[in-house]
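Structure record follows, encoded as structure tokens.
The values are calculated or read from the model by the stated rules, or taken from the named source; none is laboratory data. Because the structure is a prediction, the values reported are computed rather than measured. For neighbour counting, all protein chains shown are included, and Cβ atoms are generated from backbone atoms with ideal geometry for every residue, glycine included. Only protein heavy atoms, including side chains, enter the accessible area calculation; ligands, DNA and RNA are left aside. Shrake-Rupley method; radii C 1.70, N 1.55, O 1.52, S 1.80 Å.
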Amino acid sequence: LILDIARRRDEEKIEIIPMGIDLDRFTQVSDINLKKKYTDGNLLLFVGRLIDWKGAKYLVKAMKDVVETFPKTKLLIVGSGPEKTKLKELIIELNLEDKVCFIGEIKNTEMPKYYSAAVVFIIPSIVVDGHTEGLGVVTLEAMACGTPVIGSNVGGIPDVIKDGYNGFLVPEKSHEELTK
């Protein structure tokens, strides 16, 4: 009982202060040519290391249904990593080769253009063997650039996104909810 009371008292003292970003660098930037380079429709954006717990495969699965309603929609995937081959295979399997574009790594100084060009930024992280998104700094960057955000309700993402207030949260691994 003593340890339980002491633990509760310690927890009451804990306050989460998320990592910040440079608001002078991450701000809305107009670059019409960037968007036109990829599509004359909706541009969706994912930014992150291509590892399993980033959940990019659920975003790719959601794209199958999204493009049925909005055929001019394109997904840009910024980043690299070991899941890239599996994602490419999934894209081919779902016949999305002309709807999903891998653009590799982008300099941080160029990212505001990409965030600003997107109609929505998506961070579909999941929990894998106890690993998940610690915070999702890219979410803060996208928000600072005025881009609406959707994220999974895991890890530190709900510390940044308050569902229905400054973005939207979806259950992890649910490409159906992500599609909606």
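Let me cross-check Thr132: its accessible surface, 1.4 Å probe, with only protein heavy atoms counted, in Å² to the nearest 10?
For Thr132, solvent-accessible area is about 40 Å².
Quote the FRET efficiency, to the nearest 0.05, computed for Lys36 versus Asn166 with a Förster distance R0 of 22 Å and r equal to the Cβ-Cβ distance.
0.20
Measure nothing fancy, just the Cα-based angle from helix 2-13's long axis to the longest principal axis of the chain, in degrees from 0 to 90, nearest 10.
For 2-13 against the chain, the angle is about 50 degrees.
Pop the C-beta distance of Leu94 and Val120 into the FRET formula with R0 = 25 Å and round what comes out to the nearest 0.05.
Once the sixth-power term is evaluated, E becomes 0.80.
What accessible surface, in Å², does a 1.4 Å probe find on Glu177, ignoring ligands, DNA and RNA and rounding to the nearest 10?
Its accessible surface works out to 70 Å², give or take rounding.
For the chain, what relative contact order do you get, as a whole percent, if you take Cα pairs closer than 8 Å and at least 6 residues apart?
Normalised by residue count, the contact order of the chain is 26 percent.
Whenever you get a sec, line up Lys57, Lys99, Lys113, Lys72 from highest to lowest accessible area (probe 1.4 Å, protein heavy atoms).
From most exposed to least exposed: Lys72, Lys57, Lys113, Lys99.
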